[in-house]
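**Student:** Before I ask anything, here is the structure I am working with.
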Amino acid sequence: MRKVAVIGVGSSKFGVRNDVNVAELAFEAFKPSVEDAGISPKDIEFVAVGSTGAGAWYEELLPAVVSAEYCGLTGAGLVRCEAACASGSAAFTTAYWAVASGQAEIALALGVEKMREIDTPTMMEWIGRAGYYLWEFHNFGVTFPAYYALYATAHMAKFGTTEEDLALVAVKNHKYASMNPIAHLQNRITVDDVLSSMVIAAPLKLFDCCPVTDGAASLILASEEKVKELKIDTPVWVAGIGYASGTANLSKRLDYVGLEATVSASQMAYKMAKISPDQLDVAVVHDCFTIAEIMAYEDLGFCKKGEGAKLIREGQTEIGGKIPVNVDGGLKAKGHPIGATGCSMIYELTKQLREEAVEKGRQAPMKNYIALAHNVGGTGHYCYVTILRR
Amino acid sequence: MAAMPSLKSREIKIVQDIPISKTLPFWEGLKQGKVLATKCKKCGKLYFPPVADCSQCLASDMEWVELSGEATIETFTHVVVRPTTFQHEKPYTVAIGRLKEGVRVLAWLTGFKLSEVKVGMKAKLVAKITPEGNLTYEFTRLE
Ligand SMILES: [Zn+2]
């Protein structure tokens, strides 16, 4: 396996994007990524697309094909990757393998999701089915917030985590989203706003949940040889990739206070990158619900199990703290266009590591120039952890 | 935001026929008030939900066993915002309980006030036929 770098990144504006279809949204992220890398579409040999709702919450069944044609990529090797909410990371990993293996010099990971073409109850229906339909949805109507609420209840019962602690995650992530012009929700909120918002699936309330968002993000990956040939100033190297999965039935998990897939995937990524969590300068973690960010702190080793709430209470995951987390606003406020999220995380970290084009108030201070992305699919059904190093 | 111009896609209705021939005794059992699990005859692993094939030893020789229904609730949530096909239901409580036999079950929890539901409490898993005729099972009060 050879070294692989991210040499170009692009993102669409996140939000309700009823002005564009899936291919047009993909283009919006793709164009700046090739411009950033200084290449043209025909230089791209392999394309991995992350998208989940094809034919369900948007009309195209083959989004990779329509997006590739629209972006001038027809002819390149092409695949769509599905790992639920981690589809973008699955696409990134696939593109990484294409280059690391020596089979491609330049590959593209393109995440795109159109989620706002259908009504909210139908969206709750589709995403609720993203587990084990037969045994957990068919008779019991478990929604996506409900799956994470099961974890929240158990975490609160075991470790004394409170609804206020969960609210602090939302408050922090809205704060950073307010400084991020591509974020879906750019309003500042308070703990009281979260606590008084409507109950979705107790104990989770509206402001504990990420919004339903349209968005796309595009990443160009290249070999070390190509990086030299193209004279890339600030390549961001893929230092580690880890992956794991969890049971389809939530009833078969070991416990409900953490995601085993996160623990396994992160240990694999740390080992490959030969680093420990305390060397990270910044992280983006999968905060589809506030409880998910608290569990991620623990499962990724930012603190001990059960101490995630303490970390947020002390402000350790803000800029100036031990490890700034989700300074782009996270899924919670930047938005969570399911199949695009993994690519969007790498987009943000690449900008952070380059110390460029990130708004002043949300640039994490760099010491080791190492960053981590944590992307969960489903409720711990899939997990990818990526470590980048400048 | 002003509504953006759009086209309506062609409408389709999707209903899948989900095969249950390999777990038919389970669904028949529910009609008789029993909640059944499967146990691998080769390695002895107990499965809920029931399966026809053992993922531990890959044998396909299973026996049916009736569960005691004695459960300890490990976690729960109260679902207020419901999906399309559950819009007609009142908000419902979903729980995961561990049965005496060691397997866990995810199901609705009924018969309790929400304020009474606690992690660690005991409940009974019972078979149920819904008013619409659906075969299901739920956690409820110990009688
Ligand atoms: Zn067996």
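The values are calculated or read from the model by the stated rules, or taken from the named source; none is laboratory data. Remember, it's a predicted structure, so these values are computed and weren't measured experimentally. For neighbour counting, all protein chains shown are included, and Cβ atoms are generated from backbone atoms with ideal geometry for every residue, glycine included. All accessible areas refer to the heavy atoms of the entire protein, side chains included, with ligands and DNA or RNA removed. Shrake-Rupley method; radii C 1.70, N 1.55, O 1.52, S 1.80 Å.
**Student:** If packing is taken as the mean number of other Cβ atoms within 10 Å per residue, what is the order of B:117-127, A:113-123, highest first?
**Tutor:** Ranking the peptides B:117-127, A:113-123 by packing returns A:113-123, B:117-127.
**Student:** Using a cut-off of 13 Å between beta-carbons, work out the net charge of the residues near A:Arg354 (Lys and Arg +1, Asp and Glu -1, A:Arg354 not included). Could you put the intermediate results ahead of the total?
**Tutor:** Values: positive: A:Lys351, A:Arg389, A:Arg390; negative: A:Asp36, A:Asp233, A:Asp281, A:Glu348, A:Glu355, A:Glu356.
That sum, taken over residues with Cβ under 13 Å, equals -3.
**Student:** Compute the accessible area per residue over region B:68-143, keeping the other protein chains in place, probe 1.4 Å, unit Å². Working shown, then result.
**Tutor:** Working: 3630 Å² over 76 residues.
Spelled out: the 1.4 Å probe surface of region B:68-143, per residue, equals 48 Å².
**Student:** Hey, got the average number of other protein chain Cβ atoms within 10 angstrom for residues in A:15-22? Display every interim value, and only then the final one.
**Tutor:** Values: counts 1, 2, 1, 6, 4, 1, 2, 0.
Taking the mean over all residues of the peptide, I get 2.
**Student:** If you don't mind, another one. I'd like the distance between the alpha-carbon centres of region A:318-345 and region A:260-291, rounded to an integer number of Å.
**Tutor:** 13
**Student:** Okay, next question. Once you list every other residue whose beta carbon is under 12 Å from the beta carbon of A:Pro41, what net charge do they have if Lys and Arg are +1 and Asp and Glu are -1? Mind dumping the intermediate values first?
**Tutor:** Details: positive: A:Lys31, A:Lys42; negative: A:Glu35, A:Asp43, A:Glu45, A:Glu69.
Result for the local shell: -2.
**Student:** Going by a 1.4 Å probe on protein heavy atoms, which residues of region A:47-70 end up with at least 10 Å² less accessible surface in the whole assembly than in their chain alone?
**Tutor:** A:Glu59
**Student:** Using a 1.4 angstrom probe on protein heavy atoms only, which residues from region A:134-151 are buried by at least 10 Å² of accessible area when all chains are present rather than their own chain alone?
**Tutor:** A:Leu134, A:Trp135, A:Glu136, A:Phe137, A:His138, A:Asn139, A:Phe140, A:Gly141, A:Val142, A:Thr143, A:Ala146, A:Leu150
**Student:** Of all accessible surface on chain A at a 1.4 Å probe, what whole percent is carbon and sulfur?
**Tutor:** Values: 6870 of 12930 Å².
Roughly 53 percent, rounded to a whole number.
**Student:** Which ³J(HN,Hα) values in Hz, rounded to whole numbers, follow from the phi angles of region B:21-34 under the Karplus curve 6.51 cos²θ - 1.76 cosθ + 1.60, where θ = phi - 60° and Gly and Pro get x?
**Tutor:** 4, 7, 10, 3, x, 4, 5, 5, x, 4, 4, 8, x, 10
**Student:** Right, something else. Anything losing 20 Å² or more of accessible area from the isolated chain to the full protein assembly: pick those residues out of region B:95-131, probe 1.4 Å, ligands and DNA/RNA ignored.
**Tutor:** Buried-area filter returns B:Ile96, B:Arg104, B:Leu106, B:Trp108, B:Val119.
**Student:** Anything in chain A that counts as a DSSP H helix reaching 18 Å or more along its axis (C-alpha) with Kyte-Doolittle mean of at least -1.0? List them, would you? Don't skip to the answer; put the middle values down first.
**Tutor:** Values: long enough: A:22-37 (23 Å, 0.29); A:87-100 (19 Å, 0.74); A:144-159 (23 Å, 0.44); A:163-177 (21 Å, -0.33); A:260-273 (20 Å, 0.05); A:341-354 (20 Å, -0.20).
Flagged H segments are A:22-37, A:87-100, A:144-159, A:163-177, A:260-273, A:341-354.
**Student:** Then there's this: Rounded to the nearest percent, how much of the accessible area of chain B (1.4 Å probe, protein heavy atoms only) is carbon and sulfur? Write down the numbers at each step before the final one.
**Tutor:** Working: 4610 of 8680 Å².
That share works out to 53 percent.
**Student:** Let me ask something else about it. Taking every DSSP beta bridge with both residues inside chain A, roughly what % is antiparallel (nearest 5)?
**Tutor:** 70
**Student:** Might you tell me the accessible area per residue for chain A, computed with a 1.4 Å probe and given in Å²? The partial results should precede the final answer.
**Tutor:** On the way: 12930 Å² over 390 residues.
Accessible surface, normalised per residue, equals 33 Å².
**Student:** If you don't mind, another one. A:Asn326's amide H: which non-local residues (gap 5+, or another chain) put their own amide H closer than 5 Å, with H modeled 1.01 Å from N in plane and none for Pro or chain starts?
**Tutor:** It is A:Ala283, A:Val284, A:Val285, by chain and number.
**Student:** Quick check on chain A: helices-only [θ] at 222 nm, where DSSP H runs of length 4 and up contribute -39,500 (n - 2.57) each and the sum goes over total residues. Nearest 500, please. Intermediate values should be presented prior to the final figure.
**Tutor:** Values: 13 runs with 137 residues, N = 390.
Theoretical 222 nm ellipticity from helices: -10500 deg cm²/dmol.
**Student:** What does the charge count around A:Leu166 come to, taking other residues whose C-beta lies under 10 Å from its C-beta (Lys +1, Arg +1, Asp -1, Glu -1)? Don't skip to the end; give the middle numbers.
**Tutor:** Numbers: positive: A:Lys205; negative: A:Glu163, A:Glu164, A:Asp165, A:Asp208, A:Glu293.
Its environment carries a net charge of -4.
**Student:** What total accessible area, in Å², is buried where chains B and A meet, using a 1.4 Å probe and rounding to the nearest 100? The partial results should precede the final answer.
**Tutor:** Details: alone 10230 and 14470 Å², together 21610 Å².
Its buried surface, counting both partners, is about 3100 Å².
**Student:** Using a 1.4 Å probe, how large is the accessible area of A:Arg80, given in Å² and rounded to the nearest 10?
**Tutor:** Surface accessible to solvent at A:Arg80 totals approximately 90 Å².
**Student:** Sequence neighbours fewer than 8 away in the same chain don't count; with that in mind, list the aspartates and glutamates whose C-alpha is under 17 Å from A:Lys252.
**Tutor:** Within the straight-line limit of under 17 Å, A:Lys252 reaches these aspartates and glutamates: A:Glu136, A:Glu260, B:Asp53, B:Glu74, B:Glu101.
**Student:** Further question on the same structure: Mind checking A:201-211 for the average number of partner chain beta-carbons within 10 Å of each residue's beta-carbon?
**Tutor:** 2
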